[in-house]
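Below is one structure, written out as structure tokens; comments come after it.
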Amino acid sequence: MTCKTVATQPFSDQKPGTSGLRKLVSVFQQPHYLENFVQAIFDSIGDFKGQTLVVGGDGRFYNRQATQIILKMAAANGFGRVKVGQGGILSTPATSAVIRKYNAFGGIILSASHNPGGPDGDFGIKYNIDNGGPAPEKVTDAIYDRSKTITEYKIVDAPDINLDILGTSTLEGMTVEVIDSVIDYAALMESLFDFDRIRQLFTTGKFRMCMDSLHAVTGSYAHAIFEQRLGAPKGTVQNGVPLEDFGGGHPDPNLVYAHDLVEVMFGENAPDFGAASDGDGDRNMILGRNFFVTPSDSLAVLAANATLVPGYRNGLAGIARSMPTSQAPDRVAAKLGIDCYETPTGWKFFGNLLDAGKATLCGEESFGTGSNHIREKDGLWAVLFWLNILAVTGKSVEELMKEHWQTYGRNYYSRHDYEAIDSDRANTLITQLRDKLPTLKGQKFGSYEVEYSDDFSYTDPIDGSVSQKQGVRIGFTDGSRIVFRLSGTGTQGATLRLYVERYEADPTKHNDDPQVALGELIAIADTIAQIKSLTGMDKPTVIT
Ligand code: VG1
Ligand code: CO
């Protein structure tokens with residue numbers, strides 16, 4: 001075994017997006033491409049000599065090859081130990097849990113999350129710091145800078161490690177430990193939720209659940225937790241075998257891509273509870289019988305009922321939500337007398353608030369919910385949280401949601417995505433919108449009047465770091481909002497996201513279709529931003 005230094009040249013496109021570097025598999029397969037980025041990470045994170053690195057991924061195509069490269073580079077660069085998930089697999093939340101439990105220096109997650117996989121799909125890589133959370137912007141900026149000047153990387157010349165057998169081996173002086181992908185995570189879940197209570201729910205035979213893992217990483221976790229530990233009948237988990245191409249689908253838990261689950265939950269004799277998670281297991285979708293829970297509402301319901309759950313029995317320190325997420329959680333925070341923080345999109349912005357003990361629950365409208373138990377959003381955690389609340393209250397998902405609206409009012413909410421639009425067109429749209437911002441205040445559009453319009457800028461309350469241009473928002477005098485931003489996770493062209501929200505206090509008006517309830521605002525968004533004419537698309541690709 002020898003340690004080699006390999007000469008290389010920089011790639012100009014290794015800027016991490018909302019959640020790591022995501023590209024087509026073919027881009028990652030270019031000679032030196034992955035190695036350059038991994039070396040840029042190692043060159044930017046400080047002194048890790050002898051320390052532990054956690055490595056895992058969502059099992060998509062190229063996961064295994066990339067894992068081998070990272071192990072050899074970690075050894076050559078001086079890590080003392082790598083904990084790697086069996087088969088190279090660890091969900092994003094499980095990686096976060098393992099980093100924290102074993103005081104690792106950091107972790108590398110191989111995932112492009114909800115993006116499709118397979119040889120023609122996407123791949124991704126992300127670095128998490130010692131708190132278990134995504135590297136903050138100052139680290140990702142340093143990694144990007146380094147990637148632009150890199151001239152060499154270090155790797156050991158050694159045979160591949162057997163990733164399928166649990167146990168330890170050595171690689172050029174570094175210990176490689178292949179760990180069970182599920183055990184640590186499942187133990188953490190058991191410490192937070194009332195498993196006995198949830199088990200009773202399943203074993204009465206009256207309550208039925210359908211969990212759709214979309215052929216992605218949570219398959220093994222969901223079988224182990226729901227079917228084995230909680231006694232849910234076999235078959236509760238569907239699409240539960242993780243596949244390298246996710247069975248050809250988008251592993252994205254929403255009403256469009258989780259169609260198998262939607263068919264079950266909106267079909268005849270539907271189960272009581274349905275859920276799905278994404279490629280790397282950090283997202284969740286919650287459904288009741290013939291009923292969809294908007295992610296922003298889900299965060300609000302979890303917050304309002306948190307003390308019913310053992311891990312949150314003592315109440316919440318605060319709530320944090322991303323800026324485009326609806327203001328439903330703010331209303332719960334106000335009632336509880338706790339703070340609600342508004343951060344830019346991306347979980348990395350929650351890390352400081354969680355570390356400082358200012359927030360207990362966090363959420364994003366993009367089907368992401370989580371808490372201070374780790375530093376990532378956590379799909380199965382959200383599902384267990386709902387199950388715990390359903391078990392304690394004996395209510396249905398729909399009852400809980402409707403009672404919540406009666407107490408707090410309803411924040412009608414929807415997101416419209418325009419995917420794969422030409423980047424120039426998308427940039428023109430955003431530039432024109434930014435130019436219009438100073439003129440909008442006071443303008444009337446139908447029954448709405450603009451109260452403020454800006455490009456969201458965030459100052460982190462803990463370290464004072466500033467993140468600018470995080471989304472154009474237009475607020476109206478009645479509290480309604482429309483928000484525009486370009487996605488930072490796509491790999492083809494640009495994706496425009498339009499977020500629309502309106503508050504309705506009147507309980508007799510809580511049962512409308514959100515697309516109807518928000519219809520006027522959606523039309524106003526088009527008037528202001530000229531979405532249809534500038535994108536050349538007459539409707540969104542995905543509505544959630
Ligand atoms: C999207 C979501 C954002 C989420 C991010 C990563 O980012 O909008 O809320 O944090 O994906 O989630 P963007 O920049 O495309 O809007 V995941 O599950 O893909 O790691
Ligand atoms: Co994800």
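Annotation: of all residues in the range 424-462 being among the hydroxyl-bearing types (S, T, Y) and over 24 Å from the mean Cα position of the chain (by Cα), the one that is nearest to D478 (Cα to Cα) is Y448.
If you check I129 against the conditions, is it of a type in the set (V, I, T) and farther than 25 Å from L171 by Cα? It is false that I129 is of a type in the set (V, I, T) and farther than 25 Å from L171 by Cα.
The residues listed here are L429, L437; of these, the one that is crowded, with 18+ Cβ neighbours inside 10 Å and modelled with pLDDT under 95 is L429.
Please determine, by comparing only the residues of the range 119-140 that are farther than 14 Å from F37 by Cβ and assigned to a helix (DSSP H, G or I), which one is nearest to the chain's Cα centre (by Cα). The residue in question is E137. Would you confirm, using the coordinates I've provided, whether Y144 is assigned to a helix (DSSP H, G or I), surrounded by 20 or more Cβ atoms within 10 Å (Cβ to Cβ) and either among the aliphatic types (A, V, I, L, M) or at negative phi (or both)? Spelling it out, it is not the case that Y144 is assigned to a helix (DSSP H, G or I), surrounded by 20 or more Cβ atoms within 10 Å (Cβ to Cβ) and either among the aliphatic types (A, V, I, L, M) or at negative phi (or both).
A quick yes/no check of all residues on (1) under 20 Å from Y102 (Cα atoms); (2) surrounded by fewer than 20 Cβ atoms within 10 Å (Cβ to Cβ):
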position	(1), (2)
K148	no, yes
I165	no, yes
D180	yes, yes
Y185	yes, no
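Only one entry in A276, A320, A270, A303 is within 16 Å of ligand 1 (Cβ to nearest atom) and either without any contact (Cβ under 8 Å) to a residue 60 or more places away in the chain or more than 22 Å from the chain's Cα centre (by Cα) (or both), namely A320.
In the range 105-118, the qualifying residues are those that are part of a strand (DSSP E or B) and in contact (Cβ under 8 Å) with a residue 60 or more places away in the chain, and the one that is nearest to ligand 2 (Cβ to nearest atom) is I109. Of the listed requirements (1) at pLDDT below 95; (2) away from ligand 2 (no atom under 16 Å from the Cβ); (3) surrounded by fewer than 20 Cβ atoms within 10 Å (Cβ to Cβ); (4) not basic (K, R), I421 misses just one: (3).
Let's see how each residue does on (1) touching a helix residue (DSSP H, G or I) at 6+ places or on another chain (Cβ under 7 Å); (2) within 30 Å of L21 (Cβ to Cβ):
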residue	(1), (2)
L433	yes, yes
T439	no, no
G446	yes, no
E449	no, no
Q468	no, yes
A494	yes, yes
L498	yes, yes
Y503	no, no
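Quick one: in the range 23-43, which of the residues that are closer than 15 Å to R60 by Cα and not aliphatic (A, V, I, L, M) is surrounded by the most Cβ atoms within 10 Å (Cβ to Cβ)? Selected residue: K23. Can you find a residue in the range 311-328 that is touching a strand residue (DSSP E or B) at 6+ places or on another chain (Cβ under 6 Å) and part of a helix (DSSP H, G or I)? Yes, the range 311-328 contains a residue that is touching a strand residue (DSSP E or B) at 6+ places or on another chain (Cβ under 6 Å) and part of a helix (DSSP H, G or I). State whether one or more residues within the range 487-494 are modelled with pLDDT under 95, β-branched (V, I, T) and farther than 30 Å from D355 by Cα. Yes, the conditions are met somewhere in the range 487-494. Evaluated against (1) free of Cβ contacts under 8 Å to residues at least 24 places away in the same chain; (2) among the aromatic types (F, W, Y); (3) in contact with a Ser or Thr (Cβ under 7 Å, 6 or more places away or on another chain), Y102 falls short on exactly one condition, (1).
Scanning the range 451-462 for residues that are of a type in the set (F, W, Y), surrounded by fewer than 19 Cβ atoms within 10 Å (Cβ to Cβ) and part of a loop (DSSP other than H, G, I, E, B) yields a count of 0. Taking the criterion of being in contact with a Ser or Thr (Cβ under 6 Å, 6 or more places away or on another chain) and either under 16 Å from Y499 (Cβ atoms) or in contact (Cβ under 8 Å) with a residue 40 or more places away in the chain (or both), the residues of the range 428-484 that qualify are L440, Y458, I474. In the range 155-169, the residues that are in a strand (DSSP E or B) form Cβ pairs under 7 Å with partners that are surrounded by fewer than 11 Cβ atoms within 10 Å (Cβ to Cβ), at six or more places apart or across chains, as follows: V156/T2; D157/T2.
The values are calculated or read from the model by the stated rules, or taken from the named source; none is laboratory data. Predicted, not measured: the structure shown is a model, and the values here were computed from it. Counting neighbours? That spans all protein chains shown, and the Cβs are built from the backbone with ideal geometry, glycine included.
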